[in-house]
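S.K.: Input: one structure, supplied below.
The values are calculated or read from the model by the stated rules, or taken from the named source; none is laboratory data. None of the values given here were measured: they were computed from a predicted structure. Methodologically, a virtual Cβ is constructed for each residue, glycine included, from the backbone with ideal geometry; neighbour enumeration extends over all protein chains shown.
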Amino acid sequence: MKITICGSLTFTDEMNQIANDLDALGHEVLLPEGVIHQRIHDKDFDSKLSKINSDAIRKHFTKIEKSNAILVCNYTKNNIENYIGANTFIEMAYAHYLNKPIFCLNKLPDMKYIDDELAAFGAKILNSDLEKISI
């Protein structure tokens, strides 16, 4: 299965590990541009400029179109357990629109302003068990 990984670039190291684990399970993995280029750790990295200059959002949407499913790597960030940020949220919405299965590594976060939408996406919660990925 071809899987596009989504998540905050704060989790670059974790996403690379998940990609390796999925590859070992026989899946083809597509990563966000920021993970591929590992620039998030550069002291002069500007997330907003990077997204604008590289057209990263549109590129990631194209990866979602080409995949069979997405996997959201949602870990704790900014004291929010299982954080899902703005980009990941729109990626989930796009996958939902395309009728792609959505898998979340961990349970959905308690983020009141998007709870209803997250629930409506029908994400399957893996509880960190990648072997549960199937269509």
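S.K.: When the residues of the range 77-117 are filtered to those that are more than 14 Å from the chain's Cα centre (by Cα) and of a type in the set (Ser, Thr, Tyr), which remaining residue is nearest to Leu22 (Cα to Cα)?
M.R.: Once the filter is applied, the top-ranked residue is Tyr97.
S.K.: In the range 86-103, is there at least one residue being among the charged types (D, E, K, R), farther than 11 Å from Gly7 by Cβ and at pLDDT 95 or above?
M.R.: Just the residues of the range 86-103 that are among the charged types (D, E, K, R), to begin with: 91, 100.
Within this subset, residues satisfying the condition of being farther than 11 Å from Gly7 by Cβ are 100.
This time we only want the ones that are at pLDDT 95 or above, so: 100.
Yes, that holds for at least one residue.
Every residue, every condition in (1) in contact with a Lys or Arg (Cβ under 8 Å, 6 or more places away or on another chain); (2) of a type in the set (Phe, Trp, Tyr); (3) buried (at least 16 other Cβ atoms within 10 Å of the Cβ); (4) more than 15 Å from Phe121 (Cβ to Cβ), yes or no:
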site: Lys59; (1), (2), (3), (4): no, no, no, yes
site: Ser67; (1), (2), (3), (4): yes, no, yes, yes
site: Val72; (1), (2), (3), (4): no, no, yes, no
site: Ile84; (1), (2), (3), (4): no, no, yes, no
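S.K.: Only residues that are in contact with a helix residue (DSSP H, G or I) (Cβ under 9 Å, 6 or more places away or on another chain), crowded, with 16+ Cβ neighbours inside 10 Å and either under 14 Å from Asn106 (Cβ atoms) or not hydrophobic (A, V, I, L, M, F, W, C) (or both): list them for the range 11-21, please.
M.R.: Matches in the range 11-21: Phe11, Thr12, Met15, Asn16, Ile18.
S.K.: Give the range 79-135 a look and list any residue that's in a loop (DSSP other than H, G, I, E, B), out of contact with any helix residue (DSSP H, G or I) (no Cβ under 9 Å at 6 or more places or on another chain) and not basic (Lys, Arg), or say none.
M.R.: Within the range 79-135, Asn79, Glu81, Asn82, Asn99, Asn106, Asp110, Tyr113, Asn127, Ser128, Asp129, Ser134, Ile135 meet the criteria.
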